Every structure is written in structure tokens, then in C-alpha cells.
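Asker: Pasting in a structure now, in C-alpha cells, and then I'll have a few things to ask.
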Amino acid sequence: MSYHVYGRTRKVDGGLKARSTRGKIGESWWSRRFLDVLESFAVGTRLTRGRSYARAGQVLSLDVSPGVVTASVQGSRATPYQVRIGLAPFADEVWTRFEDMLAARAIYSARLLAGDLPPELEGVFESGGAPLFPRNIGELDMRCSCPDHAVPCKHLAATFYLLAEAFDADPFQILHWRGRSREALLARLRGPAPHTRRAPGPAATGAAPALTEVPEAPLAESLDRFWLSPQPLPARPPTLDTEPDLLLRQLPAPGPLLGGPGLLERLRPLYRALAG
């Protein structure tokens with residue numbers, strides 16, 4: 001079947017354009033990891049054309065929700081194509097288990113609460129039997145309303161590339177796709193750590209459970225251990241290696257009077273230049 005009958009791609013104004021104008025798309029480890037998965041599934045010109053679509057602003061809308069990403073992509077027809085990328089969200093009991101694991105590790109909680117996604121997080125999910133990223137194409141339900149039956153088509157590929165940049169801007173979108181919103185996860189990490197007894201006073205956060213546990217034995221029987229940490233402390237304190245634009249990722253989109261969402265993208269190179 002020839003698709004030339006539909007003519008040239010219709011140009012649009014106001015579409016979502018990739019920030020990258022050449023070379024690879026995706027800057028952070030999580031967006032590159034996500035695109036590595038896509039590029040291992042597909043070869044040929046569709047990925048190249050998908051990148052061109054993403055850079056030309058052919059993606060009109062992009063929405064991430066638990067279990068599904070939807071997009072509208074303008075092609076050669078008058079009506080934009082509807083794209084859907086499904087990925088099974090983790091069940092509530094799986095998320096509860098992972099939240100307990102993350103809340104029990106101060107370094108993970110601290111980085112997530114700071115708006116960062118530590119690289120070790122992928123290993124945590126992997127070791128828990130629920131990989132964060134899809135391992136094979138069968139885990140993805142990819143659909144597009146275009147007449148091209150190949151999967152992924154260029155419209156799906158364009159959506160993947162814009163999705164990777166959305167992950168760059170807000171890594172919590174990956175977790176949201178897997179079933180946990182940023183607000184729900186951070187609220188859990190700010191709450192009491194699981195399965196510990198607390199001293200009287202203000203509730204402690206999950207980021208510092210070791211500082212608030214109470215010894216099980218009566219005080220008279222534990223005087224020799226009174227000044228010791230209830231949990232072994234690391235020999236070397238962990239450090240928070242974060243990207244220079246971390247603050248921008250935590251800020252909400254500015255209003256129109258301040259320049260709108262595009263203001264953050266204009267500030268991002270400045271933050272990185274100052275950090276260098």
C-alpha cells in the first residue's frame with residue numbers, strides 16, 4: 001500500500017517541539033535509559049522520521065497517566081493521528097513494598113524529596129521483581145490511528161522522543177506512568193518510616209528513621225548503648241550528586257506574565273553554564 005496519496009506532512013503551529021535540535025534526544029540517565037529501550041525494539045527510517053517529527057513540533061499534545069501515555073500527532077491527513085502507549089502500572093501492594101524500601105533508605109528519600117531520581121532506583125525496582133523500564137516490546141501496548149501497520153510507526157516514535165524529554169523535565173512522570181503520582185509518593189516518604197517505634201514528639205520523616213527509633217529494652221538495661229545509633233551508620237556519608245537545573249525541575253510552570261512554561265527552558269542553559 002502506498003501512503004504517498006496522503007501528500008506531504010501538514011505543518012502545524014504551536015506543537016510540542018523537542019529541545020534537542022540535532023544528535024541524540026534525552027539528557028538524563030532515565031530518559032536515555034528509556035530511549036535505549038525504544039531503540040532496541042525498532043530500527044530503520046521510522047525512528048529517524050520520528051525524531052524529525054518531534055523536532056518539527058508535529059506532536060500536538062502529550063499526556064501521561066497511570067498505565068497509559070496518549071498523544072495527538074499531526075501527519076499528512078487533515079485529522080491528527082491518535083497515539084497510545086500502554087505500560088502496565090504496578091499494583092498498590094507492589095508500590096507499598098517499594099515505598100517501604102525507599103523510606104528506609106535516607107539517601108533515596110532525600111534525593112526523591114529534592115526532586116531527583118537517583119540512578120540506583122532502577123536497581124531497587126529490579127531487585128524487587130518489578131523493573132521500572134519495559135524489558136521487551138511485549139510489555140508495551142503501542143497503537144496509532146495512522147494507516148501504517150508497522151510498530152512503532154513514526155508517530156509513535158515521535159511520541160517516544162517527546163516523552164523522553166518530558167522525563168528529563170520531570171522524572172516523576174516515569175513513576176506516574178507506573179502508577180504512583182509525585183504527590184502520593186512524596187507524601188509517603190515524608191510520613192513515618194514503616195515498622196518502627198517512635199519517640200514522643202513531632203513525627204519523623206521517612207528520610208531519617210535511624211534518628212527517631214526507640215530501643216526495645218528498658219532504659220536501665222540499655223545505658224551502655226544509649227549514645228549509639230539504633231541502626232549502623234555508613235562509614236562514609238552519602239553525597240547528593242544532582243544536576244545543576246534541579247531547582248528548575250521542582251518549580252511549577254510560571255504564569256504567562258512571567259514568560260510561561262518556556263521560561264524554565266530558557267533558564268536551563270544558564271543554570272548549567274553557571275554550574276560549570
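The values are calculated or read from the model by the stated rules, or taken from the named source; none is laboratory data. Since we're looking at a predicted model, the values are computed, not measured. So basically every Cβ, Gly included, is an ideal-geometry build from the backbone, and we count neighbours across all protein chains shown.
Asker: Which residue pairs have Cβ atoms closer than 8 Å, lie 6 or more positions apart in sequence or on different chains, and pair a first residue in the range 256-276 that is over 15 Å from Arg19 (Cα atoms) and at pLDDT below 75 with a second residue that is in a helix (DSSP H, G or I) and charged (D, E, K, R)?
Answerer: Going by the 8 Å Cβ cut-off, the qualifying pairs are Gly259/Arg266.
Asker: I've got another one for you. Which of the numbered conditions does Val64 fail, given that it passes all the others? Conditions: (1) within 22 Å of Leu264 (Cβ to Cβ); (2) aliphatic (A, V, I, L, M); (3) modelled with pLDDT under 90.
Answerer: Failed condition: (3).
Asker: Take the conditions touching a Leu at 6+ places or on another chain (Cβ under 7 Å), assigned to a helix (DSSP H, G or I), over 14 Å from Leu35 (Cα atoms) and of a type outside the set (Ser, Thr, Tyr) and apply them to Leu163. Does it pass?
Answerer: Judged against the criteria, Leu163 is not a match.
Asker: Tell me whether the range 95-104 contains one or more residues that are touching a residue at least 12 places away in the same chain (Cβ under 8 Å) and within 18 Å of Leu162 (Cα to Cα).
Answerer: no
Asker: If you scan the range 135-149, which residues turn out to be touching a Cys at 6+ places or on another chain (Cβ under 6 Å) and part of a loop (DSSP other than H, G, I, E, B)?
Answerer: Cys146
Asker: While we're looking at this one, here's another question. Of the residues Arg178, Arg135, only one is within 19 Å of Pro66 (Cα to Cα) and at pLDDT 85 or above; which?
Answerer: Arg178
Asker: If I ask for residues that are closer than 14 Å to Leu112 by Cα and of a type outside the set (A, V, I, L, M, F, W, C), which ones from the range 164-184 would you list?
Answerer: Asp170, Pro171, Gln173, His176, Arg180, Ser181, Arg182, Glu183
Asker: If you go through the range 31-43 one residue at a time, do you hit one that is among the hydroxyl-bearing types (Ser, Thr, Tyr) and buried (at least 18 other Cβ atoms within 10 Å of the Cβ)?
Answerer: Yes; the residues of the range 31-43 include at least one that is among the hydroxyl-bearing types (Ser, Thr, Tyr) and buried (at least 18 other Cβ atoms within 10 Å of the Cβ).
Quick grid of which residues meet (1) in contact with a Leu (Cβ under 6 Å, 6 or more places away or on another chain); (2) farther than 21 Å from Asp141 by Cα:
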{"residue": "Ala18", "(1), (2)": "no, yes"}
{"residue": "Thr21", "(1), (2)": "no, yes"}
{"residue": "Arg51", "(1), (2)": "no, no"}
{"residue": "Ala54", "(1), (2)": "yes, no"}
{"residue": "Gly67", "(1), (2)": "no, no"}
{"residue": "Thr70", "(1), (2)": "no, no"}
{"residue": "Ser76", "(1), (2)": "no, yes"}
{"residue": "Pro80", "(1), (2)": "yes, no"}
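Asker: Mind counting the residues in the range 43-81 that are more than 22 Å from the chain's Cα centre (by Cα) and within 19 Å of Arg135 (Cβ to Cβ)?
Answerer: So the answer is 1.
Asker: Ok, one more. If Pro152 satisfies every condition in (1) over 15 Å from the mean Cα position of the chain (by Cα); (2) outside any helix (DSSP H, G or I); (3) surrounded by fewer than 21 Cβ atoms within 10 Å (Cβ to Cβ) but one, which is the exception?
Answerer: All conditions pass for Pro152, except number (3).
Asker: Which of the residues spanning the range 80-110 are among the charged types (D, E, K, R) and at pLDDT below 85?
Answerer: Matches in the range 80-110: Arg105 only.
Asker: Report the residue count in the range 96-113 for those that are closer than 30 Å to Thr70 by Cβ and either among the small types (Gly, Ala, Ser) or within 15 Å of the chain's Cα centre (by Cα) (or both).
Answerer: 3
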